[in-house]
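Novice: Take a look at the following structure, please.
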Amino acid sequence: MSAAIIREIRIDPVVPTQSVLISTARGNRPRRDEQPVARDMRGSVETCPFCRGNEHLTPPVNMQAPAAGEWAIRVVKNPYPVLADDFLPTGLPAGIQQVIEGYGHHEVIIDHPNHGIALHQFTERHLTTLFGVYRDRMRYLYDADPRIRYILVFKNFGKAAGGSMAHTHSQLIAMPIVPHNVHDEVESSREYYRRHHACVFCTLMDEAMTMTTTSFDRRAGERRLEYETGRYIVDRGEKFVAVKPFASRYEWEVHILPVRHQSNFLAATDDELADLARVLRRTMTRLNGVVGDVQYNYFLHTVPHLKNSGDFADSFHWHLEICPRTSIPSGFELGSGLFVNTISPEDAAARLRQIVIPE
Ligand SMILES: [Zn+2]
Ligand SMILES: [Zn+2]
Ligand SMILES: [Zn+2]
């Protein structure tokens, strides 16, 4: 595909204070490509604490699926928590330097008994169960601990994505604050709702599915009207859609959202999760087809657990962000906060759609 060279700064439609530089000029690669790191694809490893038969090597199980019999998914405390509920007195705040106690819960979700399996190889039934475990564990922790304001569920898959354990797993961190990225999305989307009386995510999905854009041709000095359909759609199911964000920070970043407006992931039914599983499996197959053995982070953004969460019910829309790791952020990106994406999101979406999915 010989696409035109693009060099433009795109404003993130959800969080307008964030922007990304789309720069597809050849040789203009401010980021270094991530070295492909070999992944451990063995089915089972004798010394791995997450493999079946080694349950005694992990902290005691907090939850498992199925509830009885041989486990398919296991939730345990993270033995190396970044936040914990044991008492660790914080330093004295001095002047403008403020400290919040590192209180919280950090758990590991062992996704699958198979050590090196990739997500697109999971059955849809297993993926449905996995997202059900995320939901049920989040519900449990919110009920059990009134100090928790946000629970971030995420997955680091592969060394390139910071996965320290080779065995496929996800993590959950329950914290007493709302993290910055979630706060920005929640506040910005509420501001959008105030102005337009519509959810910005729903609006973006509507546009992605049937898009009409007006563009201005600077050289010709005239307005041009372009009609495009489904330009940003990567995959879609009955209830979920996978879209390539217009202002993607990462080359192969894809977001999955429920088509029907829903602010809280905890409200998703098993039936809905089954469709999410289908769209996720297909999306991961596409990413794998384009990137190779895809190593990635994904994370769930849902409405925070606050007294006034109801205020965001109409304006916020939960979603799963998948960020494949193919390049290392440069000093320019870290210093400016302006991410550089070297593949236009429109081309990336088109390439992902071309992958044939085995049923
Ligand atoms: Zn293992
Ligand atoms: Zn919405
Ligand atoms: Zn998000």
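Novice: Do any cysteines in the chain lack another Cys Cβ under 4.7 Å, and if so which?
Specialist: C323
Novice: Next question, about the same structure. So what J values fall out for the range 317-325 if you push phi through Karplus, 6.51 cos²θ - 1.76 cosθ + 1.60 with θ = phi - 60°, rounded to Hz, Gly and Pro as x?
Specialist: 9, 5, 6, 10, 9, 10, 10, x, 9
Novice: Test of understanding: what is the full-extension gain from T47 to T17, defined as 0.36 nm times their sequence separation minus their Cα-Cα distance?
Specialist: 6.1 nm
Novice: Once you order the gyration tensor axes a ≥ b ≥ c over the Cα atoms, which shape class does the range 165-211 get: rounded for a/c under 1.5, otherwise prolate or oblate by comparing a/b with b/c?
Specialist: The shape class here is oblate.
Novice: Would you order Y193, Y296 from fewest to most other beta-carbon atoms within 10 Å of each residue's own beta-carbon? All intermediate terms of the calculation are to be shown ahead of the outcome.
Specialist: On the way: Y193 17, Y296 25.
In order of increasing Cβ crowding within 10 Å: Y193, Y296.
Novice: Would you pull out the residues with amide H under 5 Å of G104's amide H, same chain only if 5 or more places away, H placed 1.01 Å from N?
Specialist: A84, D85
Novice: Taking a ≥ b ≥ c as the square roots of the Cα gyration tensor eigenvalues, with a/c under 1.5 meaning rounded and otherwise prolate when a/b beats b/c, else oblate, which class fits the range 248-294?
Specialist: Values: a/c = 3.49, a/b = 1.78, b/c = 1.97.
In terms of gyration-tensor shape, oblate.
Novice: Can you give the calculated 222 nm mean residue ellipticity of the chain, where each DSSP H run of n ≥ 4 adds -39,500 (n - 2.57) and the sum is split over every residue, rounded to the nearest 500 deg cm²/dmol?
Specialist: Computed ellipticity for the chain at 222 nm equals -8000 deg cm²/dmol.
Novice: Moving to a separate point now. Taking the alpha-carbon distance from K155 and a cut-off under 21 Å, which lysines remain once sequence neighbours fewer than 8 residues away in the same chain are dropped?
Specialist: K77, K244
Novice: Cβ under 12 Å from V234's Cβ, V234 left aside: what net charge do those residues give with Lys, Arg +1 and Asp, Glu -1? Intermediate values should be presented prior to the final figure.
Specialist: Numbers: positive: R231, R236, K244, R282, R286, R351, R353; negative: D235, E253, E346.
Local charge sum for V234: +4.
Novice: Still on this model: Using modelled amide H (1.01 Å from N, peptide plane; none on Pro or chain starts), what sits under 5 Å from the amide H of F240, excluding residues fewer than 5 places away?
Specialist: Under 5 Å from the amide H of F240: V259.
Novice: I've got another one for you. Rounded, prolate or oblate: which fits the range 193-352 when a ≥ b ≥ c are the square roots of the eigenvalues of the alpha-carbon gyration tensor, with rounded for a/c under 1.5 and prolate only if a/b beats b/c?
Specialist: It is rounded, given that a/c, with a ≥ b ≥ c, falls under 1.5.
Novice: To continue, here is another question. So for the pair H56, D311, with labels modelled 7 Å out along Cα→Cβ, what separation do we get in nm?
Specialist: Calculated label separation equals 5.3 nm.
Novice: Can you tell which of T58, T128, T283 shows the greatest fluctuation in a Gaussian network model of the chain with Cα springs below 10 Å?
Specialist: T58
Novice: Which far-off residues, 5 or more places away or on another chain, put their amide H under 5 Å from the one on N54, with H placed in the peptide plane?
Specialist: Hits under the 5 Å cutoff: none.
Novice: Explain nothing, just compute: Karplus ³J(HN,Hα) = 6.51 cos²θ - 1.76 cosθ + 1.60, θ = phi - 60°, for every residue of the range 15-25 in order, whole Hz, x for Gly and Pro.
Specialist: 10, x, 7, 9, 9, 9, 9, 8, 9, 9, 4
Novice: Taking the Cβ-Cβ separation of Y80 and I177 as r and a Förster radius of 22 Å, what is the calculated FRET efficiency to the nearest 0.05?
Specialist: In this case the efficiency is close to 0.60.
Novice: So, one more: Each residue of the range 78-85 in turn: what ³J(HN,Hα) in whole Hz from Karplus with 6.51, -1.76, 1.60 and θ = phi - 60°, glycine and Pro shown as x?
Specialist: 6, x, 10, x, 7, 10, 8, 9
Novice: Order these by the 10 Å Cβ neighbour count, fewest first: T302, T326.
Specialist: Starting with the residue having the fewest Cβ neighbours, the order is T326, T302.
Novice: Any idea what Rg and Dmax come out to for the chain if you just take the C-alpha atoms, in Å?
Specialist: Considering the chain through its Cα atoms, Rg and Dmax are 21.1, 71 Å.
Read the figures in this text as sums done on the coordinates, not as results from a lab. Being a predicted model, the structure only gives us computed values, none of them experimental. All Cβ positions, glycine included, derive from the backbone under ideal geometry; neighbour counts span all protein chains shown.
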